[in-house]
Amino acid sequence: MTRRHFSGQVALPLLESWVDNSRMGSTLARLAPSSSASAVYSANYKAPDLPEPTCARPGVVSDVPRCMAMVERVIAYYRNLSGRLDPVTECLRLASGKGSPQVLEVLAQLAPPWGDHAIASVYAVLMPRQRRKRLGVYFTPPHLVEHLLHRMRAFGLDPAQHRLRDPSAGGAAFLVPLAREMASTWLSKGVHPREIIARLRAQLHGREIDSGLASVANALLRRMLAGELRISADLVTDLSVVKVGDSLRIGDPSDGDHELSNPPYLRLAAAGQRQWKKHFSDIAGGRLNLYTMFVRRALDQIAPKGLIGHVLPASFLGGPEFSAFRRRIMQLADILVLDVVEKRKGVFLDAIQDACFVVLRRRASPVDNLPATTASSGVLRHCGEFILSGHAALPADGSPWSLPGNDPIDAAKLADYGYRGTVGYLVANRQSHLLHRRPAKGRLPLVWAKCITPNGLFDFDRGRNAEKAGGRGFVTVPKNAAYVIRVPCVLVQRTSSNSQSRRLTAAAVPKNFFRHYEGLVGENHVIILVPTRSDAVAPERLAAVLNGPEANTMLSRVCGSASISVRVLENLPLPRPRSEPPVVRGVDEKSSLP
Ligand SMILES: C[S@@+](CC[C@H](N)C(=O)[O-])C[C@H]1O[C@@H](n2cnc3c(N)ncnc32)[C@H](O)[C@@H]1O
C-alpha cells in the first residue's frame, strides 16, 4: 500500500499575499501536485487494512474542511437571492473584486482555486433550480481537480505540451488550473505573453451549454492570467477558451489530445432515451445517463492513445444497467485508474454523491475479445491523503468492477445458499390507498426497511412506526397475489445511509411470524431473499453472513452506490455456507412479534 500525502497551503490569509508570493515561476511550484491543495473524498469503500487517519500535516486536515466551510458561507449569502440577482452579472462583479463586503472578505481569505470554486458555485445557486438539475451544474472542488491531474500526469499528461479540453466546462474548475500551469511553465521559459495567449487559444478548449456560465468561466480564466501571472489585461481581454455549445451535438471537433472533465450526471427521461438511444446503442443497457454519453463521445473524439480523466458517479462500477457501458469502454480504452472518493457527503455543494475517478487511455482500435484486466486503484480520504491500495479487477464481460481486496477462497453465491432475491413490491407513495394501520381480512403485514434493525433484528413494529410508514403496517392484498411471501425469508435494506456502519443490513423473518400471518408484502426499499429449495440454509444463518464483515467488504468493492441491486446481491461472493446448524445471531423471535 502506497501513500501520497497532499501537502501545501490551501488557504492563505489574503489574496494579495498569495499574489505576491506566487509571481511567475513560483506559481507552478505552489500548485504542483506534490505541494497541491489537499484532498477530501467519498464512497463507502474502504481500502483494505486502513489504519486510523494519519494525515501528514494537520494543516491540510483542517484546511479543506475550512475552505469548504468558507465556500458554504459565501453560498449562504446568496441562497435566498435566486431569481432576484442575475447570476452572470453577480459573478462577473465578484470576479472583478466587487460585491458585498462580507462576501468579498471571505473570498479574500481563499486561495484562488477555492475563490473560483466559490464564485462558480454562486452562479449555480442563483440559476433556476430546475435548470441546474437538468444540466447537472455541480462543480468539482479544487482538491478533486488536483488529484485527477496528479493521476493523469503519471500517465503522460503534460499540460505545457498537449492539447487539452473539457467539454462540460462549467466554471472552468479544470481549465483555470491547466491554464495556470501552462502559462506559468511558458513564462518561466521566457515565452512572450502574446505567444502564451496564442498557445492557450490553440491548446486549451472548453465547451459549456450555459452561455452565462461560459462567460463566467472565461472571466475567471482571464482574472488568473492578469491578476496572478501579471499578463497584460490588453492581451487577455479577448481570450475565450470556453465556447458556448452542446458537446453532445458537436460532430468531431478533434480538439484534444487529452480530456479532463466532470460531466453532467443525469439519468435520461423516456423522451431523452428515445432521442439518444440509437446514437449510443453500444453503451445503452438500462437507461442512458448523460455522463456515460460524455465518456463515450470522448472515446470517439480524443486522439488515439489520448487520456480521458473523468470524475464520475461510483454507481456505474457495479450497477447492472451499466454492464454494456463497462464492457464497451474496456473495448475502446485501457482503464488505467479507478480511484474512489471516501465520502459522499460534503464533497459537492448541494449534492450527496458517491464519486470516483477514472483515467482511460483510448486504444488505437477497439479490441473485441479481451481478457479480464486491472486498474491502479486507491482511496482519496477526507484528510487529503491518497492511499494507493492495489489493483481493481475489471472483468471484460461487463460484470461489476471490483476495488482492491482479497477475494474469499472458494466463494459461494446466494444461489448456493438456496435463495433468490426480489425487490419489495409495494411503492408506498403510489399505492397509499392500499395501506392501513390495522390488520383485517384481506390485509397482510407490510415490511418496511426500518423493520430491519441496525444490529440485524427483525422488528415489525419498528418498521411500521417509523416516520415514513406512519403506523401503516398492513396492506390490502388480492387473493393469491404472486408477490406475497409466505415462507421464512431474509430482508435486506436496499439503500444505506452515510451514518450506517455497514452497507448491508439484513434480518431473518422467523417462522413464528408466519404462524401469526399467512404472508407478508415487502415495501420497495426492501430486498427479500426467498428460499428456492427445501435444503436452503436457515434464514438466520444467511442474515448473519450478510451482516458479517466479509460480505460487507465485498459489497463495498463491487457496488459504489448507496443502493443495492438484486443482481449485485445475487452475484456477491460470499463465504461458502457451512453445514453446521444455523447460528441464530441478532434475531429475537419474541420481540419481533406484534
Ligand atoms: C458536473 S458540471 C461540471 C463542470 C466543471 N467541469 C467542473 O468540473 O466543475 C457539468 C457541466 O456541464 C454542463 N453541460 C451539461 N450538458 C452539457 C452539454 N450537452 N454540453 C456542454 N455542457 C454541458 C453543465 O451546464 C455543467 O456546467
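Excluding A481 itself, what net charge comes from residues whose Cβ is under 15 Å from its Cβ, given Lys and Arg +1 and Asp and Glu -1?
Combined, the nearby Lys, Arg, Asp and Glu give +2.
What does the charge dipole of the range 414-570 about its Cα centre add up to, to the nearest 20 debye, if the Cβ of each Lys and Arg holds +1 and the Cβ of each Asp and Glu holds -1?
520
Rounded to whole Hz and in sequence order, give me ³J(HN,Hα) for the range 276-282 from the Karplus expression 6.51 cos²θ - 1.76 cosθ + 1.60, θ = phi - 60°, writing x for Gly and Pro.
9, 4, 5, 6, 10, 4, 6
Mind putting together the pair-distance distribution for the range 334-488? All Cα pairs, 5 Å bins, whole percent per bin, short to long.
Reading upward from the zero bin: 2, 7, 10, 12, 10, 11, 12, 12, 11, 8, 5, 1, 0, 0.
Find out how many positive minus negative residues lie around V191, taking Lys and Arg as positive, Asp and Glu as negative, among other residues whose Cβ is under 15 Å from that of V191.
+4
Quick query: amide H of K243 versus all other amide H atoms, modeled in the peptide plane; which residues come in under 5 Å with a sequence gap of 5 or more or a different chain?
Correct list: G206, R207, E208.
So who's got an amide H within less than 5 Å of the one on V526, skipping anything under 5 residues away but keeping other chains? H placed 1.01 Å off N, in plane.
G424, R494
About the Cα centre, and with charges only on the beta carbon of Lys, Arg (+1) and Asp, Glu (-1), how big is the dipole of the range 207-284? Nearest 20 debye, please.
For this selection, approximately 400 debye.
Sorted by mean Cβ packing within 10 Å, highest first, what order do the peptides 514-525, 214-225, 325-336 take?
The packing order, highest mean first, is 214-225, 325-336, 514-525.
To check you understand DSSP bridge types, tell me what percent of the beta bridges within the range 414-570 (both residues inside) are antiparallel, rounded to 5.
90
Can you give me the Cα centroid spacing of the range 455-494 and the range 71-136 in angstrom?
46
Here is the link list: K133/K243; K305/K345; K133/K468. Which ones come out longer than 23 Å on Cα distance?
Those over the limit are K305/K345; K133/K468.
Using a cut-off of 18 Å between alpha-carbon atoms, which aspartates and glutamates can reach K479, once sequence neighbours fewer than 8 places away in the same chain are excluded?
Leaving aside aspartates and glutamates fewer than 8 places away in the same chain, those within reach of K479 are E518.
What does the C-alpha gyration tensor say about the overall shape of the range 154-227? Classify as rounded when a/c is under 1.5, otherwise prolate if a/b is larger than b/c, or oblate.
oblate
Net charge within 13 Å of D334 by Cβ-Cβ distance, Lys/Arg positive one each and Asp/Glu negative one each, not counting D334 itself?
+4
Quick note: the coordinates plus some simple rules give every number you see, no bench work behind them. Small disclaimer: the values here were computed from a predicted structure and weren't measured. Here the Cβ is made from the backbone with ideal geometry for all residues, glycine too, and neighbour counts use every protein chain on show.
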